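The values are calculated or read from the model by the stated rules, or taken from the named source; none is laboratory data. Note that the structure is a prediction, hence the values are computed from the model and not measured. Using ideal geometry, Cβ is built from the backbone for each residue, glycine included, and neighbour counts are taken over all protein chains shown. Please note that ligands, DNA and RNA were not included when accessible areas were found on the heavy atoms of the full protein model with its side chains. Shrake-Rupley method; radii C 1.70, N 1.55, O 1.52, S 1.80 Å.
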Amino acid sequence: MLKTAVLVSGGGTNLQAILDAIDRKEIRDAEVSVVISNNPNAYALERARRKGIPALCISPKAYETREKFHKALLEALRDSKAELVVLAGCLVVIPEMIIREYKGRMINIHPSLIPSFCGTGYYGLKVHEEALKRGVKVTGATVHFVDEGTDTGPILLQKAVEVKEGDTPEVLQRRVMEEAEWILLPKAIDMLAQKALGPE
Ligand code: GRF
């Protein structure tokens, strides 16, 4: 059983997609052993609590220094015995010491077809605003392994989504979540749990 830690910051719809996929056995041989948020108000924590999953808030604001925050986050991940770390709408920059410890065992969902519309500053609605501004006809989502860069790690899965006439950033974001993110992340976890894919 692949123990998985899920890091969140917001509404947790990607976390919910993971939990639902486990219930439907679309994810085999994996379990969410902890959900960690930097944001105490993240509804994602409530989604975890409803499933009886340990839901921790580890906020930078609660620590005197960034380094102490990083150490607390790493300790929580170690305590969870997580073998896979999933960034699911996580807006915290993961420090190199954690990325190194989970090299090849940490994945992120990004709401575009990397290498388009990604990198520093590209998260949430901004990604879709830029896609609409550029006038792309197709966008989508990407699951990639996390490395020391921003959205630069090896790509694991991608799924394309049509941009429609008159789309607003909000409408496009929702379509990308429904048609791509919520499908890709569970699939990636299942694949890794089946060891169908090892990190490069
Ligand atoms: C969404 O914009 C998603 O594209 C990105 O993080 C944001 C929040 O996702 N991955 P969630 O609802 O908290 O999973």
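Restricting the GluC sites (Glu not before Pro) of the range 78-176 to loop positions (DSSP other than H, G, I, E, B) with no more than 12 neighbouring Cβ atoms within 10 Å leaves Glu148, Glu165.
If you roll a 1.4 Å probe over the chain with all protein chains in place, what percent of the accessible area is carbon or sulfur? In the chain, the share of accessible area belonging to carbon and sulfur is 51 percent. Relative to the dominant Cα principal axis of the chain, helix 66-79 is inclined by about 80°.
Relative to the longest principal axis of the Cα atoms of the chain, the long axis of helix 13-23 lies at roughly 70 degrees. In the chain, Cα pairs under 8 Å separated by at least six residues give a relative contact order of 22 percent.
What GluC sites (Glu not before Pro) does the range 25-73 have in DSSP loop regions with at most 10 other beta carbons within 10 Å? Passing sites in the range 25-73 are Glu64. Taking amide hydrogens as placed 1.01 Å from N in the peptide plane, the amide H of Ser37 sits under 5 Å from those of Val8, Leu56, Cys57, Ile58, each at least 5 positions away in sequence or on another chain.
So the label point goes 7 Å from the Cα of Tyr63 along Cα→C-beta, right? Which residues of the range 1-19 then have their backbone N under 19 Å from it? Counting only backbone N, you get 5-10.
Under the simplified labelling scheme, the Arg50-Ile155 pair shows an inter-label distance of 3.4 nm, with each label point 7 Å from Cα along Cα→Cβ. The count of lysine pairs in the range 92-200 whose Cα atoms are under 23 Å apart, excluding pairs fewer than 8 places apart on the same chain, comes to 12.
Between Glu101 and Val171, residue separation times 0.36 nm minus the direct Cα-Cα distance comes to 21.5 nm. With protein chains left intact and a 1.4 Å probe, residues in the range 46-109 average 55 Å² of accessible area per residue.
Annotation note: trypsin sites (Lys or Arg not before Pro) in the range 115-200 located in DSSP loop regions with a Cβ neighbour count of at most 10 within 10 Å are Lys137, Lys164, Lys195. The gain in end-to-end length when the Asp79 to Glu178 segment is fully stretched comes to 32.4 nm, 0.36 nm per residue minus the alpha carbon separation.
In terms of Cα atoms, the Rg and Dmax of the chain work out to 16.1, 48 Å.
Taking every alpha-carbon pair under 8 Å whose residues sit at least 6 apart, the range 90-189 reaches a relative contact order of 29 percent. Legend: translational diffusion of the range 83-200 by Stokes-Einstein, Rh = Kirkwood radius over C-alpha pairs, 10 °C, 1.306 mPa s; D = 110 µm²/s.
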